[in-house]
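S.K.: The structure that follows is given in the form of structure tokens.
The values are calculated or read from the model by the stated rules, or taken from the named source; none is laboratory data. What you see is a predicted model, and the numbers here were worked out from it, not measured in a lab. Neighbour counts are summed over all protein chains in view; Cβ atoms, including those assigned to glycine, are modelled from backbone coordinates with ideal geometry. In case anyone asks, the SASA skips ligands and DNA or RNA and just uses the protein heavy atoms, side chains included. Shrake-Rupley method; radii C 1.70, N 1.55, O 1.52, S 1.80 Å.
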Amino acid sequence: MQAIGMMMSKSHRLARVLKSPWRSVFSSVERVYYPPADELATENVFECSHSLSLRRSFHSGNVNRNSSLVGFNHQHDKMQITSSSVRVTQIRLSSSEAIAAEADSAGDAETAKGVYDKLLDCVVKKRSAPPNAWLWSLIAQCSTREDIKLLFNILQKLRTFRLSNLRIPDDFNSALCREVTKACVRAGAIDLGKKALWKHNLLGLTPDIGSAHQLLLHAKQHNDVKLTVEIMELVKENDLPLQPGTADILFSICSSANRWDLISKYGKRFVKSGVKLRQTSFALWMEFAAKKGDVESLWKIESWRSEATKEHSVSTGFSCAKGFLLDHKPESAAAIIQLLYQTLPDGKKTSITTELQKLVSEWPLDVVKHQKEDNREAFAAALQNDISALVNALPSLGVEANVTMQ
């Protein structure tokens, strides 16, 4: 009886299964897990494929209840979609798009227009003081005339903002003006750079002689005498104090352009202003006077030089020697060369030979050209005799210099 009962129980359980043949399959399918984020990520793209995969999974029986992999086989096609791969791909795409957008934004901000827009938004819209670094960044980014116009526009707005909102009546410091002028030169906007030299300007700039130097260096590079004169007029009109460095740049321009009139004019202006000129400036000035054969000016410059510094450089010493030769005093010329030879260290004595060779072969041609035409022949003959006397006197004075007489 017990055996019959057990057989009856098994028969009833088998009958219940056969009455509902699909229940266990859908239960397995329903247990296939999709995380909520993946369902959102794939609901539009893979909606049809997901439905189709479930149907095909029923026929093939290829549903893995322990994995998030959904697979199906239909004829010779095979497709696999993993929730983890969808999630990783989506994250990578989002990260790439964010990095690209951030790079584009950073690229725009690094341009002059991008920095200008940030400054403008801060000052005009937000009515707040922008970081100083933004203004310096804008100046550094300026490379065209349009960039300089943007810079001048924002400087004017910043000046108004400082005065009205921050109650700061003072202008920007002179260091900013120097950098603005440098940017103008870099961008080729020289006319705008000259406006930065005005002591009364709408930009809030405080010009100094350093700003003028930026423009003078540009004039020197391009041998632009006209621009040099214009800059020096602005320096005078706006009471910018002259410095020794100004004379170095200015005298170099005048010497290269053979403008004795300008170097004489500006040289006297420096002396009158009490500027202590450097040896390099005196050397250029005296060498120019010796080349012109202007003995009177040469000795006047030498008196100013002796007040500024006691010792001669090789250049100023040889200019004085040329002055003595023009005065027909070869012995005095030899004496000053001897003094230079004795004071120079052994390693620099070769410069005496170099300068002496120039005095013998190059200088006479230059100085003769500046003499009156009807007196050139007699002047050249007398000068040649004095140079020969100088060279012959040097060995007896202990000066060892081998020169070629031409």
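S.K.: Considering every pair of different Cα atoms, what Kirkwood radius, in Å, is found for region 161-232?
M.R.: 12.7
S.K.: Mind grabbing the base-10 log of I(q)/I(0) for region 285-329 at q = 0.17, 0.18, 0.25 Å⁻¹? Debye formula, identical points on the C-alpha positions, no solvent, two decimal places.
M.R.: Taken in order of the listed q values, log10 I(q)/I(0) reads -0.39, -0.43, -0.83.
S.K.: Compute the signed sum of charges (Lys and Arg +1, Asp and Glu -1) over the other residues within less than 13 Å, Cβ to Cβ, of His218.
M.R.: +2
S.K.: Let me ask something else. Determine the gain in length on full extension of the stretch Leu217-Thr309; use 0.36 nm per residue of separation and subtract their C-alpha separation, reporting nm with one decimal.
M.R.: My answer for the length gained is 30.5 nm.
S.K.: Return one whole number: the accessible area per residue of region 187-281 in Å², for a 1.4 Å probe.
M.R.: Spelled out: the 1.4 Å probe surface of region 187-281, per residue, equals 46 Å².
S.K.: Hey, another quick one. When 1/r is averaged over all different Cα pairs and the result inverted, which Kirkwood radius in Å belongs to region 211-264?
M.R.: Over region 211-264, the inverse of the mean reciprocal pair distance is 11.0 Å.
S.K.: Using a cut-off of 12 Å between beta-carbons, work out the net charge of the residues near Val368 (Lys and Arg +1, Asp and Glu -1, Val368 not included).
M.R.: +1
S.K.: Now, a different point. Could you run the Karplus curve 6.51 cos²θ - 1.76 cosθ + 1.60 with θ = phi - 60° over region 361-367 and give me ³J(HN,Hα) per residue in whole Hz, x for Gly and Pro?
M.R.: Along region 361-367, the couplings run 9, 9, 4, x, 5, 5, 6 Hz.
S.K.: Residue separation times 0.36 nm, minus the C-alpha to C-alpha distance between Lys149 and Ala380: what's the value?
M.R.: Extra length available between Lys149 and Ala380 comes to 77.4 nm.
S.K.: Here is a follow-up. Once the Cα gyration tensor of region 236-391 is found, what semi-axes does its equivalent ellipsoid get, as square roots of 5 times the eigenvalues, in whole Å, sorted largest first?
M.R.: 27, 20, 12
S.K.: Just add up the charged neighbours of Arg162: K/R +1, D/E -1, any other residue whose Cβ is under 13 Å from the Cβ of Arg162.
M.R.: In short, +2.
S.K.: I'd like the distance separating the alpha-carbon centroids of region 234-248 and region 381-397, in whole Å.
M.R.: Cα centroid of region 234-248 versus Cα centroid of region 381-397: 42 Å apart.
S.K.: Over all distinct Cα pairs, what is the inverse of the mean 1/r for region 176-323, reported as the Kirkwood hydrodynamic radius in Å?
M.R.: Mean inverse Cα-Cα distance, inverted, gives 15.9 Å.
S.K.: Continuing with the same structure: How do 140-150, 180-190, 347-357 rank on mean C-beta neighbours within 10 Å, highest first?
M.R.: 180-190, 140-150, 347-357
S.K.: Take Asn173 and Ala133, extend 7 Å from each Cα along the Cα→Cβ direction, and tell me the distance between the two endpoints in nm.
M.R.: 1.8
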